[in-house]
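Worksheet: the structure to be examined is printed underneath.
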Amino acid sequence: MTTPALLTIQDLRIHAGSTSLVHLPLLELHAGELHGIIGESGSGKSLTLFTVLGLISPQLNVTGSVQFQGQELTTLSPKLWQTIRGKAIGMVFQEPMSALNPQMRCGKQLLESARIHEPDLNKAQALVDKKLDQLGLSEIKERIMQAYPHQLSGGQRQRVMIAMACVHEPPLILADEPTTALDSVARAQVMDDLQRVCREQGSALLWVSHELDLVRQYAETITVLRKGVCIAQGDSADVFGAEADPYVKELMAAMPHGKWVSPLQNPVPVLSIQSLSKNYGHGPQAVQALMDFNEVLHQGETLSVVGLSGSGKSTLAKLLVALEQPTIGQITLGDKPLPRKPPTGIQMVFQDPYASLNPNVKAIDAVAEVVALVNKQKMSSPDAMNHAMELLKEVGFDLRLSQAYPHQMSGGQRQRLCIARALASNPKVLILDEAVAALDPLVQKQVLDLFIALQQERQLAYLFITHNLEVAQAISHRIVFLEKGCKKPLPDDWIRV
């Protein structure tokens, strides 16, 4: 006799007005199964997950059936949902720094999750202790419990999120891009932990991701969405096999591999970093974030900086844009010392384009504002607008969105806007701080191709900060590994991962 499915989604349709966002004919998930949902940005992956958890916007129209353990979820009252969320269905969100309360210690947040369904304090504490032990945090349990989210590494924060989602050992765990912002080692550890916890407590995992290599490695069954439509579904071996759908093959082909850049010819130095160190605090309690860092960056060169969370990558970037001042050391841009106050002549493109942009400023105005500032009012407003439009065109931005606000754009278009804004000051060096980490494979490939083309046209030098070694190897001329603020040889576990 076939075991009944734990979760059954039938003929799920989600509309915004007359626009179809998702059509999923069928998805069945059985106890203990690991099911991955993949697809490009805007394909309806997260929307499907939020529908299962009852977090869909009331402005959207949902039809079809979502049954969990035989119970229809689409018609549940808010009161009934309170008995299900956390107890029967757990959720691991994409960005733990956003999902966790920055003003509460992690221990208090873990206990809060446990006591929603287990009011006894001692029993709730035992549940939390069990999960932290299960996630390999027993040796630093006290520090985890006393720490605020910002005091933990990315991998530790994500384990706290997993512990919160799994504390009551729910039959179903949902995970929305749980490894996006993690380095190569941490993301493998988090996925190993998530897989192991699901196995040990018998939970099924419904997991959304754009990281195809992880999905291929961990998911047993897969659903592929494209523009809200299910185009492929089945065992991992079949979905990624020789007979894979052309769209899946396109996604796989977009993953970084090999070398995408040519060796430098007649390199010309543009940025010199000498004996750069940065300490936070004083005396015995001082933290050495960066120690004796030396590098020379050349025109048209990409230097990737990789390392674990807390290794000094962001500190280096902050020093180069004068958001922090070095304890000792010297930075020279061209033939002049780097200014001690922004702007330094070095610009930065950040990981999250939505957070980087003013939500109340239109695309063309965001770029024209920088053009006008750099030219110190020497350029008329119409000229600034025309120049801004040329920059948007140069980065392949959809000019039909020039009057649009950030929330009206896709992730790829927002990142192109951020690149145009960074180029508006005509920098010699760009810092790309995890600039493609949140993008799906197709959009990531488009943005990386854009970076390479701009580098060749403008002879830009890039300092590329990333946790993705495959991306670094594809677009970099050289790679530097940082560990506890020091340059070190690339470890074997990074190469294996």
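Label points 7 Å out from Cα along the Cβ direction at residue 16 and residue 253: separation in nm?
In this crude spin-label approximation the distance works out to 3.0 nm.
Can you spot the lysines whose alpha carbon is less than 18 Å from residue 428's alpha carbon? Ignore those fewer than 8 places along the same chain.
318, 336, 341
Report Rg (one decimal) and Dmax (nearest whole number) for segment 270-496, counting Cα atoms only, units Å.
Values for segment 270-496 (Cα only, Rg and Dmax): 17.9, 57 Å.
Listed highest first by mean packing, meaning other Cβ atoms within 10 Å per residue, what order do 87-94, 170-177, 99-106 come in? Present the calculation step by step, with values, prior to reporting the outcome.
Details: 87-94: 20.5, 170-177: 22.1, 99-106: 15.5.
Going from most to least packed, we get 170-177, 87-94, 99-106.
Between segment 61-108 and segment 373-422, what's the alpha-carbon centroid distance in Å?
Computed from Cα coordinates, the inter-centre distance equals 39 Å.
Roughly how far apart, in whole Å, are the Cα centres of segment 273-296 and segment 444-476?
Between the Cα centre of segment 273-296 and that of segment 444-476, the gap is 27 Å.
Determine the gain in length on full extension of the stretch residue 470-residue 358; use 0.36 nm per residue of separation and subtract their C-alpha separation, reporting nm with one decimal.
Extending this stretch completely gives an extra 37.2 nm.
Please work out how much length the chain gains when fully extended from residue 196 to residue 97, using 0.36 nm per residue of separation minus the C-alpha to C-alpha distance, in nm with one decimal.
Values: separation 99, 0.36 × 99 = 35.64 nm, distance 2.36 nm.
33.3 nm is the gain from fully extending residue 196 to residue 97.
Lys/Arg Cβ at +1, Asp/Glu Cβ at -1, dipole of the chain taken about the Cα centre: which of 83, 96, 285 is farthest positive-ward?
So the residue we want is 285.
With a cut-off of 17 Å, note down the residues of segment 293-334 whose backbone N falls inside the zone around a label point 7 Å from the Cα of residue 262 toward its beta carbon.
It comes to 299-302, nothing else.
So what is the relative contact order for segment 270-496, in percent, with contacts set as C-alpha pairs under 8 Å and at least six apart? Please report the intermediate quantities before stating the final value.
Working: 429 pairs, mean separation 67.7, N = 227.
Reported relative contact order: 30 percent.
Just grab the label-to-label distance for residue 483 and residue 398, each label 7 Å out from Cα along the Cβ direction, in nm (one decimal).
Computed distance between label sites residue 483 and residue 398 equals 4.5 nm.
Antiparallel versus total DSSP beta bridges in segment 7-254: what percent is that, nearest 5?
Among the beta bridges of segment 7-254, antiparallel pairing accounts for roughly 55 percent.
Mind pulling the angle between the C-alpha long axis of helix 441-458 and the longest principal axis of the chain? Nearest 10 degrees, somewhere in 0 to 90.
It works out to around 0 degrees.
Toward the positive end of the charge dipole of the chain, about the Cα centre and with charges on Cβ (Lys, Arg +1; Asp, Glu -1), which of 69, 397, 339 goes farthest?
339
Identify all lysines with a Cα-Cα distance to residue 108 below 20 Å; exclude those on the same chain that are fewer than 8 residues away in sequence.
Result set, ordered by chain and number: 87, 123, 130, 131, 141.
Which GluC sites (Glu not before Pro) in segment 181-248 sit in a loop by DSSP (not H, G, I, E or B) and have at most 11 other Cβ atoms within 10 Å of their own Cβ? Mind showing how you got there, number by number?
Numbers: sites: 200, 211, 220, 243; in loops: 211, 220, 243.
Sparse-neighbourhood loop GluC sites (Glu not before Pro): 243.
What number, in percent, do you get for the relative contact order of the chain if the mean sequence gap of Cα pairs under 8 Å and at least 6 apart is divided by its residue count?
Values: 964 pairs, mean separation 82.3, N = 497.
Value for the chain: 17 percent.
If I stretch the segment between residue 292 and residue 325 completely, what's the gain in nm (0.36 nm per residue apart, minus their alpha carbon distance), one decimal?
Length gained, residue 292 through residue 325: 10.4 nm.
Looking at segment 270-496 only, what percent of DSSP beta bridges run antiparallel? Nearest 5 please. Intermediate values should be presented prior to the final figure.
Working: 17 of 35 bridges.
So the antiparallel bridges amount to about 50 percent of the total.
Counting other Cβ atoms within 10 Å of each Cβ, which trypsin sites (Lys or Arg not before Pro) in segment 362-446 have at most 12 and sit in a DSSP loop? Please report the intermediate quantities before stating the final value.
On the way: sites: 362, 376, 378, 393, 400, 414, 416, 421, 428, 445; in loops: 362, 376, 378, 428.
Here the trypsin sites (Lys or Arg not before Pro) that fit, given the DSSP loop and packing criteria, are 376, 378.
On C-alpha positions alone, give me the angle between the axis of helix 381-394 and the longest principal axis of the chain, in degrees, nearest 10.
60
Each value in this text was obtained by applying a stated rule to the coordinates, not by laboratory testing. Model, not experiment: these values are computed from the prediction. Please note: Cβ atoms are built from the backbone with ideal geometry, for glycine as well, and neighbour counts cover all protein chains shown.
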